[in-house]
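Below you'll find the structure, written out as structure tokens, and then a few comments.
What follows is calculated from the coordinates using simple rules that are stated; it is not laboratory data. Model, not experiment: these values are computed from the prediction. So basically every Cβ, Gly included, is an ideal-geometry build from the backbone, and we count neighbours across all protein chains shown.
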Amino acid sequence: MRQLIAGNWKMNGTGASLAELDAIREAKPADADILICPPATLIARAAAKGAVPIGGQDCRAQVSGAFTGDVSAEMLKDAGAVAVIVGHSERRQHHGESDAVVAAKARAAWRAGLLAIICIGETEAERLGGHALDVVTRQIAGSVPDGASPENTTLAYEPVWAIGTGRTPTNAEIVEMHGHIRARLAARFADAAGMRILYGGSVKPANAREILALADVDGALVGGASLKARDFLAIAAASS
Ligand code: PGA
């Protein structure tokens, strides 16, 4: 399957950053899909450029209402987004999002016609305790709603301890986890073989080729290295 290289700008970027999208358009690879998820304030302008597909970083489950500061999946769609990240560990950590909340957000994404990129991954303590596979099993059961398909859902395995740290799991650990995720999905969904499973956490130009060549790695979710078009393009060019 075609790999997806998705960039998560997190809380970074103002109007001046939109020039990066032009640079990405100029040199984007033909054989991989790409997506950029800028902050909510930039989504409409980013999408209007038509340079690259644009996604949100979060949505609220409800369509509308008295939820000050929140953004619905329908609003993201209206602004031109085609996808939304849900359940990123920074949301789970700083906003107390449970698996049930993440599942509701994924359903909201589907309702609005967006691809849901559902993030899962263990903390360092959980890995050191030998619980990484169990934690991810539980997160898949709780965060991935019934009805997930390759068209509406992409998984992103992001070990919390690898995000923004420059540390990554070993290749063997990534292969083990992605194979485990694939098996858990296959136990519930007929078309799990076609569902993308991205790896995220300190993906850089220097390690992208190695990681993207691993079994059951169908792309990458890139944080820090997605902020500059040159780095993002180098990662996208390493897709297999
Ligand atoms: P990082 O972030 O690439 O900066 O480690 C990845 C992510 O949080 O999606």
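Numbers below:
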| item | result |
| --- | --- |
| Hits in the stretch 160-218 - residues which are within 14 Å of the ligand (Cβ to nearest atom), among the aliphatic types (A, V, I, L, M), over 17 Å from VAL136 (Cβ atoms) and out of contact with any strand residue (DSSP E or B) (no Cβ under 8 Å at 6 or more places or on another chain) | ALA206 |
| Near pairs, Cβ below 8 angstrom, 6+ apart or cross-chain, from the stretch 225-240 (within 13 Å of ALA30 (Cα to Cα)) to any residue that is hydroxyl-bearing (Ser, Thr, Tyr) and assigned to a helix (DSSP H, G or I) | none |
| Qualifying residues in the stretch 84-125 (those that are touching a Phe, Trp or Tyr at 6+ places or on another chain (Cβ under 9 Å) and part of a helix (DSSP H, G or I)) - the one surrounded by the most Cβ atoms within 10 Å (Cβ to Cβ) | GLU124 |
| Residue among ALA23, ALA48, ALA16 that is touching a residue at least 40 places away in the same chain (Cβ under 8 Å), assigned to a helix (DSSP H, G or I) and more than 14 Å from the chain's Cα centre (by Cα) | ALA23 |
| All positions within the stretch 26-41 that are under 18 Å from the mean Cα position of the chain (by Cα) and either in a helix (DSSP H, G or I) or without any contact (Cβ under 8 Å) to a residue 24 or more places away in the chain (or both) | ALA40 |
| Flag for ARG92 being farther than 26 Å from ARG2 by Cα and within 16 Å of the ligand (Cβ to nearest atom) | yes |
| Only one of LEU214, LEU198, LEU185 that is touching a Leu at 6+ places or on another chain (Cβ under 6 Å), on the phi < 0 side of the Ramachandran plot and touching a residue at least 24 places away in the same chain (Cβ under 8 Å) | LEU198 |
